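Just below is one structure, and these are the notes that go with it.
Please treat every number below as a calculation from the coordinates, not as lab data. Because the structure is predicted, anything quoted here is derived from the model rather than measured. As a convention, Cβ positions derive from the backbone with ideal geometry for all residues, glycine included, and neighbour counts pool all protein chains shown.
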Amino acid sequence: MTELLNNWENGRWIGQTLEVENGVCAVPQKPNADALAYTDEVKAATDHLYDEVSDFIPKFEWSAYAVLVHAINKLKKEKNAVVLAHNYMTPDIYALVGDFKGDSLGLAIEATKTDADIIVQAGVHFMAETSKILCPDKKVLIPSLRAGCSLASSITGEDMRLIKQKYPGVPVVTYVNTTADVKAETDICCTSSNAVQVVESLGVPKVIMAPDEYLAKNVANMTGVEVIAWHGRCEVHARFDADDIKEMRAKWPGVVVLAHPECPPDVVAESDFTGSTKAMTDYVSDNKPKNVVLLTECSMSDNVAMANPDVDFVRPCNLCPHMKRITLQNIYDCLRDEKHEVKVPKRIAKKARRAVQRMIDLPAPGKKGHFDPKAVHKDIKII
Ligand code: 13P
Ligand code: SF4
């Protein structure tokens, strides 16, 4: 167990936090002073970056961040590497070293477009595997091998083979939040931004949709398709409930409530808008609500707030312990040493690629990716 120093206030990160072995939060460890010094060169190269993150990083801690940011950005150039940063990364990573930022669909598409030799996935393991599946010739690195996902670990390839035996001929839609061997058993993948569109694109009366029970229920409510679902849940979004929203509305009258479709259906019904992390980001930029709450991972509000200084964010949120395992320090370490390379066996990657590529080949989801709070609830089969 390494040293613990949490600087959280009302659910909002207000300062440096050291690596926590049991997983709550990990914003950079103290840099090794011998290896990375805050020189005049570092200062000159990074001073202009501080403004963007000044709400999140106290000035007295900036030098500790600046040395890592400078070192990572230098290594990226030397090694022709890019950092793909998910919307749940802390603001230091998101704003200062992320080359491409977005939701899981956006990052997968960026992976196919980049001509970098190395991809550093600032996100969780299934996202890095997706990049590797799409770019077998690139080196894909994940800064922490322990950055997992409760959904991805809820189902195995063997589970999926048994489901297919039980429901022969029923097409399988798999959420990208799965391991490569599950994707390999799949007809088409989906993300939270295109799940409704993917299910409808099949033109069939019945689908198997795994592993997120709540996403499957939310999709079933939006389509005329019968959905058979697995019992996986996101440990972050499953914790929100409809009473939380009623309390928020009572406490902050007029607050606009945005939810992620991994939330339970009663949360979607109580929210004003439900969509992927990108859809939520776009909603705030397009509508500029006076007061907004994002029912999702905590760093989302911080990152969206940077681009929308005129919007007030109410901060109830839940931390994803897996996403929070990624730090500036371990991004630097993995890029410097080219360690924690993600590999997918060729036979599995080939089958999984078909399912991921089939999803990517669909047109952009647009409004098809949004979930209607007034949708009529349906009962679905959970296995
Ligand atoms: P998005 O596809 O909306 O980025 O979501 C990924 C995720 O893991 C949400 O918990
Ligand atoms: Fe997985 Fe939920 Fe974390 Fe997303 S927020 S990575 S679905 S555990």
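Below is a table of values for the structure above.
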quantity: Most to least packed among 112-119, 143-150 [average Cβ atoms within 10 Å]; calculated: 143-150, 112-119
quantity: Region 75-147: C-alpha gyration tensor shape, a/c 1.5 cut-off, then a/b vs b/c; calculated: rounded
quantity: Peptides 369-382, 292-305 ordered by average Cβ neighbours within 10 Å, highest first; calculated: 292-305, 369-382
quantity: Of every Cα-Cα pair in region 70-198, the percent that sits beyond 24 Å; calculated: 31
quantity: Spatially proximal lysines relative to Lys164 (Cα-Cα < 17 Å; intrachain offsets below 8 disregarded); calculated: Lys183, Lys206, Lys351, Lys381
quantity: Shape category assigned to region 190-282 from the gyration tensor of Cα positions, a/c cut at 1.5; calculated: prolate
quantity: Over region 172-329, equivalent-ellipsoid semi-axes from the Cα gyration tensor in Å; calculated: 28, 18, 14
quantity: Extension gain from Asn308 to Phe60, taking 0.36 nm per residue of separation minus the Cα-Cα distance; calculated: 86.8 nm
quantity: Potential lengthening between Arg336 and Lys79 on full extension [0.36 nm per residue; Cα-Cα distance subtracted]; calculated: 91.6 nm
quantity: All-pairs alpha carbon distance profile, region 318-365, 5 Å steps from 0, percent; calculated: 5, 14, 13, 13, 13, 24, 17, 2
quantity: Of Pro253, Ala229, Asn218, farthest towards positive along the dipole that unit charges on Lys, Arg, Asp, Glu beta carbons give region 200-256; calculated: Pro253
quantity: Residues of region 82-106 with amide N under 19 Å of the 7 Å Cα→Cβ point at Arg239; calculated: 87-91
quantity: Within-14-Å neighbourhood charge of Tyr88 [Cβ basis; K, R +1; D, E -1]; calculated: -2
quantity: Of all DSSP beta bridges in the chain, antiparallel share, percent nearest 5; calculated: 10
quantity: Helix axis angle, 346-360 relative to the chain longest principal axis, alpha carbon, degrees; calculated: 80
quantity: For the chain, fraction of C-alpha pairs farther apart than 26 Å, in %; calculated: 51
